[in-house]
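Colleague: My structure is below; once you've seen it, I'll send some questions.
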């Protein structure tokens, strides 16, 4: 059985166990995502079933394998004889999916997402215990907390020196 799905403004022909690259989808690696825009179902018993525009109750379940980025493309703009040139690069954010099953009649995916340990949780260790402060540190804190002398007002600038008057012409 195969299906034609639409995601990220593009259409893909998929079958179970296919691996496809689509535009970035929400979800962590190992999670199951459901793609609900199924345009065509075929390969089963009988003629292909088409949607108007989508097939109601049909969905495709896929496992997120990885988030990656596509190849770099260069975007070059130029206007002749105007000394105008602009170059920009672009790398599309992609998600790598493995199609697990094609669902019809409003069924839910049978495979449950695997709970993979997150990198951030694995890196977190037990919080460090506060070390006892040394006596020298206590003295320094005491000095800081003591009343500071009042700040002096900034000194006034002396008046500008008078400019000599220009001599008169005779």
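The values are calculated or read from the model by the stated rules, or taken from the named source; none is laboratory data. All figures in this text were calculated on a predicted structure; none of them were measured in a lab. Cβ placement follows ideal geometry from the backbone for every residue including glycine, while neighbour counts extend to all protein chains displayed.
Colleague: Just to be sure I understand, how many residues within segment 67-108 are at pLDDT below 95 and more than 22 Å from residue 41 (Cα to Cα)?
Modeller: Within segment 67-108, residues that are at pLDDT below 95 and more than 22 Å from residue 41 (Cα to Cα) number 0.
Colleague: Keeping to segment 16-37, report how many residues are without any contact (Cβ under 8 Å) to a residue 60 or more places away in the chain and under 17 Å from residue 107 (Cα atoms). Show your work before the answer.
Modeller: If we filter segment 16-37 for residues that are without any contact (Cβ under 8 Å) to a residue 60 or more places away in the chain, which is where we start, we get 26, 35-37.
Okay, now just the ones that are also under 17 Å from residue 107 (Cα atoms), so 35-37.
Of the residues in that region, 3 qualify.
Colleague: Next question, about the same structure. Using the structure shown, decide if residue 131 is at pLDDT below 75, surrounded by 10 or more Cβ atoms within 10 Å (Cβ to Cβ) and over 30 Å from residue 35 (Cα atoms). Spell out how you get there, then give the answer.
Modeller: Working: at pLDDT below 75: yes; surrounded by 10 or more Cβ atoms within 10 Å (Cβ to Cβ): no; over 30 Å from residue 35 (Cα atoms): yes.
Judged against the criteria, residue 131 is not a match.
Colleague: Just to confirm my filter: which strands (runs of 3 or more DSSP E) fall fully inside segment 1-92 and include at least 1 residues that are touching a strand residue (DSSP E or B) at 6+ places or on another chain (Cβ under 8 Å), surrounded by 14 or more Cβ atoms within 10 Å (Cβ to Cβ) and at negative phi?
Modeller: Details: elements: 2-7, 10-14, 19-23, 32-35, 38-42, 59-69, 73-79, 84-90.
The strands (runs of 3 or more DSSP E) meeting that bar are 2-7, 10-14, 19-23, 32-35, 38-42, 59-69.
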